[in-house]
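Novice: There's a structure below that I have some questions on.
The values are calculated or read from the model by the stated rules, or taken from the named source; none is laboratory data. This one's a predicted model, so the numbers in the text were calculated from it and none came from an experiment. Heads up, the Cβs are rebuilt from the backbone with ideal geometry, glycines too, and the neighbour counts pull from every protein chain shown. With ligands, DNA and RNA removed, areas are computed over all heavy atoms of the protein, side chains included. Shrake-Rupley method; radii C 1.70, N 1.55, O 1.52, S 1.80 Å.
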Amino acid sequence: VRVYSVLSIGTSHETIFSPEDVFKHLYITESKSFALVHNHPKGDPSPSPEDAQAMAVLSNKAKHLEVEFLDFIIVGTDSYWSMSEDQDSGDYTLGSL
């Protein structure tokens, strides 16, 4: 079963969510893995310092809770950035979610 949840709707400058929001949804849906997707309205999908911090926190909590953090995807105007692709030197290995 796939579950899609909207955790936050932000402004053109920021969105706010907490790791607790993410893991609460995982607990409720009994999910063993997750991926997060968000957009950068200004068009550049490069991770911001806040994105990097969120990825680190989520990754650490996921390991502690034994949940697989599949990917953190940022969508820009004509492109995207993927944590998994970046870590795997451009090879997207997750297959079909």
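Novice: Filter the stretch 28-53 down to the residues that are among the aliphatic types (A, V, I, L, M) and either within 20 Å of SER84 (Cα to Cα) or touching a residue at least 60 places away in the same chain (Cβ under 8 Å) (or both), then identify the one that is most open to solvent (accessible area, probe 1.4 Å).
Specialist: The first filter runs over the stretch 28-53 and keeps only residues among the aliphatic types (A, V, I, L, M), leaving 28, 35-37, 52.
With either within 20 Å of SER84 (Cα to Cα) or touching a residue at least 60 places away in the same chain (Cβ under 8 Å) (or both) added as a condition, the list becomes 35-37, 52.
On the way: ALA35: 41, LEU36: 28, VAL37: 98, ALA52: 51 Å².
It comes out as VAL37.
Novice: Return a yes/no flag: does the stretch 71-92 have any residue that is of a type in the set (Asp, Glu), at pLDDT 85 or above, open to solvent by less than 50 Å² (accessible area, probe 1.4 Å) and assigned to a helix (DSSP H, G or I).
Specialist: We begin by selecting, within the stretch 71-92, every residue of a type in the set (Asp, Glu); these are 71, 78, 85-86, 88, 91.
With the extra rule that they be at pLDDT 85 or above, the set shrinks to 71, 78, 85.
Those still in the list that are open to solvent by less than 50 Å² (accessible area, probe 1.4 Å) too: 71, 85.
Within this subset, residues satisfying the condition of being assigned to a helix (DSSP H, G or I) are 85.
Taking every residue of the stretch 71-92 in turn, at least one turns out to be of a type in the set (Asp, Glu), at pLDDT 85 or above, open to solvent by less than 50 Å² (accessible area, probe 1.4 Å) and assigned to a helix (DSSP H, G or I).
Novice: Still on this structure, I have one more. Restricting the stretch 57-69 to residues that are surrounded by fewer than 16 Cβ atoms within 10 Å (Cβ to Cβ) and free of Cβ contacts under 8 Å to residues at least 40 places away in the same chain, which is nearest to ALA35 (Cα to Cα)?
Specialist: GLU68
Novice: Just wondering, is there one or more residues in the stretch 20-27 that are open to solvent by 100 Å² or more (accessible area, probe 1.4 Å), part of a helix (DSSP H, G or I) and charged (D, E, K, R)?
Specialist: Taking the stretch 20-27 first, the residues open to solvent by 100 Å² or more (accessible area, probe 1.4 Å) are 20, 24, 27.
Subset that is part of a helix (DSSP H, G or I): 20, 24, 27.
Within this subset, residues satisfying the condition of being charged (D, E, K, R) are 20, 24.
For the stretch 20-27, residues open to solvent by 100 Å² or more (accessible area, probe 1.4 Å), part of a helix (DSSP H, G or I) and charged (D, E, K, R): present.
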